[in-house]
1. Just one of Ser69, Ser65 is in a loop (DSSP other than H, G, I, E, B), hydroxyl-bearing (Ser, Thr, Tyr) and within 17 Å of the chain's Cα centre (by Cα); which is it?
2. Run Gln180 past the list (1) within 16 Å of the ligand (Cβ to nearest atom); (2) in contact (Cβ under 8 Å) with a residue 24 or more places away in the chain and report the number of the one that doesn't hold.
3. Give me the pairs: first residue in the stretch 1-27 and under 17 Å from Val89 (Cβ atoms) and touching a residue at least 24 places away in the same chain (Cβ under 8 Å), second residue within 16 Å of the ligand (Cβ to nearest atom) and assigned to a helix (DSSP H, G or I), beta-carbon distance under 7 Å, and six or more apart or on different chains, which are they?
4. Starting from residues that are among the hydroxyl-bearing types (Ser, Thr, Tyr) and under 15 Å from Ile122 (Cα atoms), keep the ones in the stretch 155-182 and report whichever is nearest to the chain's Cα centre (by Cα).
5. Considering the stretch 169-182 alone, what residues qualify as being part of a helix (DSSP H, G or I) and either hydroxyl-bearing (Ser, Thr, Tyr) or at pLDDT 95 or above (or both)?
6. Name every residue in the stretch 77-105 that is farther than 17 Å from Gly231 by Cβ, part of a helix (DSSP H, G or I) and acidic (Asp, Glu), in order of residue number.
7. Can you give me the ranges of the helices (runs of 4 or more DSSP H) entirely in the stretch 183-254 with at least 1 residues that are within 11 Å of the ligand (Cβ to nearest atom) and over 17 Å from the mean Cα position of the chain (by Cα)?
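The values are calculated or read from the model by the stated rules, or taken from the named source; none is laboratory data. Because the structure is predicted, anything quoted here is derived from the model rather than measured. A quick note on method: Cβ atoms are made from the backbone with ideal geometry, for glycine too, and the neighbour counts reach across all protein chains shown.
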Amino acid sequence: MRLPIVAGNWKLNGSRESVSSLAREITATPVADVEVIVCPVALHLSDVAAVVENTGVKLGAQNASAAESGAYTGEVSSTMLAEYGCTHVIIGHSERRSLFGDTEAACAQRHQAVLAAGLTPIFCVGESLEEREAGTTVDVVGRQLQAAFDLVGSDAFSNAVIAYEPVWAIGTGKTATPEQAQEIHEAIRGMVAANDAEAAQAVRILYGGSVNAGNADELFAKPDIDGGLIGGAALKSADFLAICQAAARQCKTA
Ligand code: PGA
């Protein structure tokens, strides 16, 4: 059985005060049998770290540099993130890919750097609406994963988490149906298996894209969906905790 993960991607939101109280609300209700991760902006990590310390809730960053140190203005390295208590780093989110020019090769390099620092990447993949309509979803996702295999090797996802996030479902209120999501999750697990059968059984594959308290149960009930990467609904503690509870319920019945 894979321990489910629910990760909150807080994106570019909040103030020092508001993220601290959001973290306090989340840690006030421990959820058993789920790995809960919160990912504030880098500047808020130290405030949130102070709240989540020793609570079981883990801390993630939203991106990390491919470089360890040097002349890379504006970047933050995985080693620096680790110093602040981060255990996880979101890599290759579609907003990074589409708005900030993170290419497949760049995402693979960032992924490698996170692994090298001993942190766990949450490697995001997903297709645009045009790509889905053209029937190329599996090819697109396969290419995104392959970039990491090419650089890191067959064990690229042995110590990583994968998040499948159809771009057309992110922040739009349009969720993939559980069947649509399961189909791609199964394909992703197959791609990992083609490189490393053991890693494929162990790797947690999260679904992301308009997950909310109302649709989480049916998504998480699918055999290859091991939790969620949550955007909008992660900014309200009650909704986020309800999603965590859904993961705990569905994991027990899996
Ligand atoms: P959403 O975002 O839940 O607001 O759709 C998910 C994400 O971008 O990770």
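1. Working: Ser69 fails: within 17 Å of the chain's Cα centre (by Cα).
Unique residue meeting the criteria: Ser65.
2. So Gln180 meets the others, but not (2).
3. Val6/Ile243; Val6/Cys244; Val6/Ala247; Gly8/Ala234; Gly8/Phe240; Asn9/Ala234; Trp10/Ala234; Trp10/Leu235
4. Looking only at the stretch 155-182, we keep the residues that are among the hydroxyl-bearing types (Ser, Thr, Tyr), and these are 158, 164, 172, 175, 177.
Okay, now just the ones that are also under 15 Å from Ile122 (Cα atoms), so 158, 164.
Details: Ser158: 15, Tyr164: 8 Å.
Per the stated criteria, the residue is Tyr164.
5. So in the stretch 169-182, the residues part of a helix (DSSP H, G or I) come out as 169, 178-182.
Those that are part of a helix (DSSP H, G or I) and either hydroxyl-bearing (Ser, Thr, Tyr) or at pLDDT 95 or above (or both): Pro178, Glu179, Gln180, Ala181, Gln182.
6. As a first pass, look at the stretch 77-105 and keep what is farther than 17 Å from Gly231 by Cβ: 77-87, 101-105.
Checking the rest, the ones that are also part of a helix (DSSP H, G or I) come to 78-83, 104-105.
Scanning the stretch 77-105 gives Glu83, Glu104.
7. On the way: elements: 197-202, 216-220, 237-253.
Those helices (runs of 4 or more DSSP H) span 237-253.
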